[in-house]
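Okay, so here's the structure we're looking at.
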């Protein structure tokens with residue numbers, strides 16, 4: 001037996017102002033997407049934005065439903081809308097923010113396992129990792145590829 005360790009590389013920024021212009025614009029789109037959140041049960045509003053390889057930005061927001069778990073996360077809302085409306089255009093990056101009562105959470109939220117698996121599928125189709133930006137009212141975390149968020153992903157190949 002050999003004991004091994006997984007390492008998760010990422011970048012941490014103190015504020016949105018430290019990001020480059022493309023990442024800042026995508027994170028601002030995710031912040032704007034929070035307005036489309038429908039979360040009357042959890043009051044936990046999430047916004048996401050996907051930038052496609054052609055520069056198009058598609059936003060999504062979490063949608064709750066009284067018949068839980070019929071709702072959908074912001075990340076999948078954005079990714080599915082991007083794929084449906086721009087078929088075949090690879091994803092370049094995804095930004096996610098979480099808010100409560102109109103205020104960004106003090107620390108970044110993290111996509112659920114189902115969202116990470118969908119991200120992995122789109123990465124595989126694109127043949128390259130997706131840049132993932134997790135924003136907040138405080139630090140911002142940036143990952144290069146979903147395997148940094150979910151090592152040992154399910155892969156049907």
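Coordinate-derived values only; no laboratory data. Bear in mind that the values here come from a model prediction, so they are computed numbers and not experimental data. When we count neighbours, we look across all protein chains shown, and the Cβ atoms used for this are built from the backbone with ideal geometry, even at glycine.
Between rounded, prolate and oblate, where does segment 9-94 land on the alpha carbon gyration tensor, with a ≥ b ≥ c its root eigenvalues, rounded for a/c under 1.5, else prolate if a/b exceeds b/c?
Oblate shape, in that a/c is at least 1.5 and b/c is the bigger or equal ratio.
Which part of segment 44-62 falls in the paramagnetic zone of residue 114, meaning amide N under 13 Å from the point 7 Å along Cα-to-beta-carbon?
62, by backbone N distance to the label point.
Classify segment 97-157 as rounded, prolate or oblate, taking a ≥ b ≥ c as the square roots of the eigenvalues of its Cα gyration tensor: rounded when a/c is under 1.5, otherwise prolate if a/b is larger than b/c and oblate if not.
prolate
For the chain, just say rounded, prolate or oblate: build the C-alpha gyration tensor, square-root its eigenvalues into a ≥ b ≥ c, call rounded for a/c under 1.5, and beyond that prolate if a/b exceeds b/c, oblate if not.
Rounded shape, in that the Cα axes give a/c under 1.5.
Given the DSSP H assignment, sum -39500 (n - 2.57) over each helix run of at least 4 residues in the chain and divide by its residue total; what's the result at 222 nm in deg cm²/dmol, nearest 500?
-8000 deg cm²/dmol
Rank these for me by crowding, 112, 73, going from fewest to most other beta carbons within 10 Å.
With the sparsest Cβ surroundings first, the list reads 112, 73.
In a GNM of the chain with a 10 Å cut-off on Cα contacts, which of 38, 68, 13 has the highest mean-square fluctuation?
It is 68.
Along the Cα→Cβ direction, 7 angstrom out, place labels at residue 125 and residue 10. What is the inter-label distance in nm?
Label-label distance for residue 125 and residue 10, simple model: 2.5 nm.
Using DSSP, restrict attention to beta bridges with both residues in segment 78-157 and report what percent are antiparallel, rounded to the nearest 5.
DSSP beta bridges in segment 78-157 are roughly 60 percent antiparallel.
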